[in-house]
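Written below as structure tokens is the structure these notes are about.
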Amino acid sequence: MLWAAITYALGIVIGRYEWRPDLWWFVALVSFMAAAAYFACRRSIFAWTLALSSFFLAGALHIQLRANCDPLDTTILPFADRQEIEVIAHVTRDGRVHQDEIGESWQSLDIGAEQIRTATGEILPVHSGIRLNIYGPRRDASQQTTLATSNPDALRIFHYGERLHFLGKFKPPRNFRNPGAFDYRAYLADRGIAALGSAKLQDVELLPGFTGNRMAAWRSRMHRNVLGKVHELWPPREAALIDAMIIGDEAFIDRDTRVDFQRSGTYHVLVVSGMNISILAFVVFWTLRRMRIDEVPATLMTVGFCVGYAFITEVGAPVWRATLMCAVYLATRLLYRDRAMLNALGGAALGLLIFDPRQIFTASFQMTFVCVLIVAGIGIPSLQRTTELYKLALANWDSRDFATFLPPRIAQFRLDLQLIASRAALFLGQVWAARVVRSSIRSALSTSELLFISAVMQMGLALPMAYYFHRATTIGLPANLVVVPLTQMMMPAAVASLGLGYIAPLFARIPAIATTFALHGITGTVRGLGGLRLADMRVAMPSLLMSALAGAALILSLWTARKRAFLAITGLIAILLVSLALAFSRPHSPAHAALEVTSIDVGEGDSTLLVTPQGRTLLIDAGGPIGPGGSQLDFGEDVVSPYLWSRGISQLDAVAITHGHSDHIGGMIAVLKNFRPKELWVGLEPPSSALAGMISAAHELGINVVRRWEGDQFDFGGTHVDVLFPPRDWPVGAKPQNNDSLVLRLSYGDSSVLMEGDAEKQIERRIAALHHPVASLLKVGHHGSANATTEELVESAKPVFAVISVGSGNSFGLPRIETLRRLAEARSRVYRTDLDGAVTFYLDGHSVTAFSTGLQ
């Protein structure tokens, strides 16, 4: 079954990227199945190969049929132009409350459109999925609701099946068009979402009636009810964590908490995953068996409990995947196949892929599959020949003949323990001495098993962790050694507390206290170990060679796990060495005989990467949100860093900030932590908490903060750098402003680039008059607004190319037509990140070559 699942998955991958007509795959599948049946009747080994080939062809056919039969309804997109339209829709996902730093509240929900009324009054049927933000009145942070179902007067929460009539503005979902960027558009499309929308609460009317599935509505009500009970039993901070760990609702988890769990390698604890299902299934099955319920009904009841739990969590594919794997494992036990875990894993994976072949492309499925494969294929075989044998020495303790059935070294170990127990009996008595010796040895063996399994999993998952999350979980082993046992205590205690909360609320407080104790132990461990500098190790995208080596090492370890001890140890050493290489290797982008300048797509902000001819790297600005309200994105972590990692960059030589506006420095702290540059270049420092916090973070990380002033000249990696602004005596304002911008000119041979941040007319005219800068490439100031890119600067620089960093469909109307006209009159070829995505220029000392590397 494992081979069948692997070949089926391979067929899905090939079918997605190597399109063929459906009939082509179908004819091939029927032919191979017929051939496999023919040779199977003759008991030919060739039939096995043909059968696997049939699974391969079935996978390829399935993914293409699924793609043809599951199109996304995009009828809303012609009207997604940010113009207000009238919509009637129904809720398909309950609203979830959010609040920003300045007190503005909103709820996010998914809706299914039914009809729209256009600006011309035309009524059209539209059935697209929309992710809608409904904004309520602004209020102080002290008034923030702690539960989505509370304070309905402040922000009415809408639930599944309710019908709405509202005025809203819509836009198509947009990806940041950089290599390595998260495909947000595809993420939404997989959930049936074709557009994003916004509306004001006062413009939303609740209509009578219900639209949807009654079963889904019942599940939604149960989910809300359980959330309400959680917030009754625990204080807000603990309740937020229990929401995520037990119910799968992360609405109240802040970003810092999420990062702490990621850094410590324990993020699987924060989300409902296979571990949660495994723990609950074990506790339920163990309890039922202790109640002397027969194995068959106990198995059915355990599976039923897991299905009910998955139904309530609303997590989706990950928890259902874990539930299916658990059900398959329990079922195989009834067939006396509990030792054939690889076969059970293959059967579960095949069933999941038949149900939804697209899961093979998700990180969640891949990591779950690899994780279970490591446990079943490496961990359990290794334990069976080591600790499991020594546990046999503790069985039938009072039997004198049992040792004769054990291997010699195990029999000797048993005899040694009995001798120790006989000595301890002089002080403890025979019964207690036997109990102490056996329990201490059993605890030591169980601890070593947990340590070994955790270590093997960390090593085996090093490649997907580096590929998807760019993290090396260097402290995952000690963290999981503490956190996993505490989670094993917390999960059943929390579920028991919730159950008693409906039956006997007074008694629910007892398991609630145990849950809180375990939760504090988990969070204390995560914060303590996650706060270590060693924990914050980020890695670049693994090379194709390194990925191939990691895959080969895992296959070798799986193959040798059941072989002789020497071969098994060789396989373990192989995955250890590869995991260390993934964590500590520091690849750099190859040096070019040119100065590379890449304007990264960060929306309405600014961020530019420069790679010198000698391979040294400089990042100027790191994007960020517009205005004081902030953003759910950390532009440094979520936008800039993935691009740098995709380039194979794991450390920067220097970073620079032009000025203190949020759209330029908002992502810089994350960049400092992720890439540990040697220097941070700054110019003017007006009073600003954001600027002060960034500089303080640089000092804490041991980064040298260098002030740059007009007139400074220095070489950097084979390029010459001239600082054109600000002068040392320039007055510092009361807050950051555009004219604080640090202006740099970097030249290589006869080619150069002028980086001017958000400098406006006053500064540009000063630079043109004093420095007469010539530039082959102009990084256009202030995102192409009318108050920059003066005739004087353009006439002085005479740029062959110009690049504008600007957000798609921005509300400022940038770039302005007069700015584009001036550049056109100067015969400059203009590139824009809103149209071209990330744009790279190569300055070879004589000329400039441009490439648009952005993704559509």
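The values are calculated or read from the model by the stated rules, or taken from the named source; none is laboratory data. Note that the coordinates shown come from a computational prediction; the quantities given were computed from them, not determined experimentally. Cβ coordinates were reconstructed from backbone atoms using ideal geometry, including for glycine residues, and neighbour counts include every protein chain displayed. What goes into the accessible areas is simple: the full protein's heavy atoms, side chains included, and nothing from ligands, DNA or RNA. Shrake-Rupley method; radii C 1.70, N 1.55, O 1.52, S 1.80 Å.
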Notebook entry, point to check: Roughly how many nanometres apart are two label points built 7 Å out from the Cα toward the Cβ at Trp432 and Leu124?
Noted result: 8.3
Next item on the list: Could you state the accessible area per residue of segment 7-69 in Å², with a 1.4 Å probe and every protein chain left in place?
Entry: 62
Note to self: Give me the extension gain from Arg333 to Ser811: residue separation times 0.36 nm, minus the current Cα-Cα distance, reported in nm with one decimal.
What the structure shows: 165.9 nm
Notebook entry, point to check: In a shell of Cβ-Cβ distance under 14 Å around Tyr390, excluding Tyr390 itself, what net charge do Lys and Arg (+1) and Asp and Glu (-1) give?
Noted result: +3
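Extension gain Thr570-Arg20, at 0.36 nm per residue separation less the Cα-Cα distance, in nm? If you can, show how the numbers build up before the last one.
On the way: separation 550, 0.36 × 550 = 198.00 nm, distance 4.23 nm.
Gain on stretching Thr570 to Arg20: 193.8 nm.
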Checklist line | Glu104 versus Ile513: modelled label distance in nm, points set 7 Å from Cα along the beta carbon direction | finding: 4.6
Check: Considering only Ile253, Leu419, Met489, whose Cα is most displaced toward the positive end of the charge dipole of the chain, charges sitting on Cβ of Lys, Arg (+1) and Asp, Glu (-1)?
Finding: Leu419
Next item on the list: Can you tell me which of 343-353, 634-644, 725-735, 121-131 comes out highest on packing, and rank the rest after it, using the mean Cβ neighbours within 10 Å?
Entry: 634-644, 343-353, 121-131, 725-735
Checklist line | Cβ-based net charge around Val640, under 13 Å, with every Lys or Arg adding one and every Asp or Glu removing one | finding: -4
Next item on the list: Find the centroid of the Cα atoms in segment 261-300 and in segment 166-219, then give the distance between the two in whole Å.
Entry: 34
Margin query: Less than 15 Å Cβ to Cβ from Phe26, Lys/Arg counted +1 and Asp/Glu -1: what total charge do the surrounding residues give?
Written below: +1
Item checked: Nitroxide proxy distance, nm - points 7 Å out along Cα→Cβ at Ile410 and Arg765 -> 9.0
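Can you list which of the chymotrypsin sites (Phe, Trp or Tyr not before Pro) found in segment 769-851 are DSSP loop residues with at most 16 other C-beta atoms within 10 Å? Please list the in-between numbers first.
On the way: sites: Phe801, Phe812, Tyr831, Phe841, Tyr842, Phe851; in loops: Phe812.
Counting only loop positions with at most 16 other Cβ atoms within 10 Å, the chymotrypsin sites (Phe, Trp or Tyr not before Pro) in segment 769-851 are Phe812.
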Checklist line | Euclidean distance of C-alpha centroids, segment 491-526 and segment 709-742, integer Å | finding: 57
Notebook entry, point to check: Once a ≥ b ≥ c are taken as the square roots of the eigenvalues of the Cα gyration tensor of segment 391-510, is the result rounded (a/c under 1.5), prolate (a/b larger than b/c) or oblate (a/b not larger than b/c)?
Noted result: oblate
Note to self: 5 Å is the cut-off here: which amide hydrogens, built 1.01 Å from N in the peptide plane, fall below it relative to Gly660, excluding neighbours closer than 5 in sequence?
What the structure shows: Gln737
Check: Are there trypsin sites (Lys or Arg not before Pro) in segment 1-78 that DSSP puts in a loop and that have at most 15 other Cβ atoms within 10 Å, and which ones?
Finding: Arg42, Arg43
Note to self: Report the number of Lys pairs in the chain whose alpha-carbons are under 28 Å apart, with separation of 8 or more residues or on distinct chains.
What the structure shows: 12
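Please work out whether segment 215-339 counts as rounded, prolate or oblate from its C-alpha gyration tensor, where a ≥ b ≥ c are the square roots of the eigenvalues and a/c under 1.5 means rounded, while otherwise a/b larger than b/c means prolate and anything else oblate?
On the way: a/c = 2.13, a/b = 1.65, b/c = 1.29.
Prolate, since a/c reaches 1.5 and a/b exceeds b/c.
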Next item on the list: Please give the per residue volume of the convex hull enclosing the alpha carbon atoms of segment 264-411, rounded to a whole number of Å³.
Entry: 152
Next item on the list: Return the calculated 222 nm mean residue ellipticity for the chain, to the nearest 500 deg cm²/dmol, obtained by summing -39500 (n - 2.57) across DSSP H runs with n ≥ 4 and dividing by the residue count.
Entry: -15000 deg cm²/dmol
Note to self: Given R₀ = 22 Å, what would the calculated FRET efficiency be for Leu532 paired with Asp256, taking r from the Cβ atoms and rounding to 0.05?
What the structure shows: 0.90
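Round to the nearest 0.05 the FRET efficiency obtained for Tyr502 and Asp73 when R0 = 45 Å and r is the Cβ-Cβ distance.
Working: r = 40 Å, r/R0 = 0.88.
Result of the calculation: an efficiency of 0.70.
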Next item on the list: Of the listed values (i) 114, 54, 47; (ii) 104, 59, 56; (iii) 101, 67, 65, grab the one calculated as Cα extents along the principal axes in Å from the structure here.
Entry: (iii)
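Please work out the average accessible area per residue across segment 488-535, using the 1.4 Å probe convention, and give it in Å². Working shown, then result.
Details: 2400 Å² over 48 residues.
Per-residue accessible area for segment 488-535 comes out at 50 Å².
Can you send over the carbon and sulfur percentage of the accessible area for the chain, probe radius 1.4 Å, protein chains only? List each step's numbers first, then the result.
Values: 24160 of 39510 Å².
Solvent-exposed carbon and sulfur of the chain make up 61 percent of the total.
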Checklist line | Hz values of 3J(HN,Hα) by residue in segment 675-687 - Karplus curve (6.51, -1.76, 1.60), Gly and Pro given as x | finding: 10, 6, x, 6, 9, 10, 9, 9, x, 6, 10, x, x
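With every protein chain left in place, what is the accessible area per residue of segment 285-420 in square angstrom, probe 1.4 Å?
Values: 6940 Å² over 136 residues.
Result: 51 Å² per residue.
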